[in-house]
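Shown next, in C-alpha cells, is the structure this report addresses.
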Amino acid sequence: MARLKTLGSRIKESAGSRVKLVTPGSWRSGMTSSQRGYDYRWQKAREQYLRDNPLCIYCERNGRTTAARIVDHIVAHRGDMILFWDQTNWQSLCKPCHDSVKQAKEAAGQGS
C-alpha cells in the first residue's frame with residue numbers, strides 16, 4: 001500500500017483565504033466579526049447568557065432537552081448596537097436549530 005503524502009508543506013493558507021459568505025451590499029460587508037460587535041465583550045456576555053439560559057428554546061418547544069451553544073438575536077440587529085445589546089432580543093439555540101429553523105424563519109421574513 002502506497003503512503004499518502006500530506007499536502008501541508010505544499011499548501012499555504014493565508015489569513016484572508018477563507019471564503020466569506022456575505023451578500024454584496026450587506027450591512028456587514030467588509031467588516032470583521034469584531035467590527036460587527038462580536039468581540040471580547042460579546043463573548044463574555046454570551047457566556048453568561050448561556051449559563052443563565054442553557055437550553056435551546058426551539059427544542060424545548062418540541063419537547064426535547066438540548067444544550068444551547070448559540071445566543072441568537074431574535075430580531076436581526078443589522079448593525080444597530082442598541083438592538084444588538086438588548087438582552088430581551090436574545091435567545092438560546094442549539095446549532096442545528098440556529099442553522100436550519102431560525103435561518104428558514106429569517107429567510108421567510110419572520111422573527112423568533
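The values are calculated or read from the model by the stated rules, or taken from the named source; none is laboratory data. Computed from a prediction, not measured in an experiment: that's the story for all the values here. Here the Cβ positions follow ideal geometry from the backbone for every residue, glycine too, while neighbour counts run over all protein chains shown.
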What is the one condition in (1) under 24 Å from D39 (Cβ atoms); (2) within 16 Å of the chain's Cα centre (by Cα) that I82 does not satisfy? (2)
Condition first: out of contact with any helix residue (DSSP H, G or I) (no Cβ under 7 Å at 6 or more places or on another chain) and crowded, with 17+ Cβ neighbours inside 10 Å. Can you find one or more residues in the stretch 56-67 that meet it? yes
Inspect the stretch 18-28 for any residue being surrounded by 12 or more Cβ atoms within 10 Å (Cβ to Cβ), modelled with pLDDT of 90 or more and under 17 Å from the mean Cα position of the chain (by Cα) and give the result as yes or no. no
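Regarding the stretch 66-73, can at least one residue be identified that is in a helix (DSSP H, G or I) and either modelled with pLDDT of 95 or more or closer than 19 Å to S100 by Cβ (or both)?
We begin by selecting, within the stretch 66-73, every residue in a helix (DSSP H, G or I); these are none.
No - not one qualifying residue is present in the stretch 66-73.
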Taking only the stretch 74-103 into account, find how many residues are outside any helix (DSSP H, G or I) and out of contact with any Leu (no Cβ under 7 Å at 6 or more places or on another chain). 10
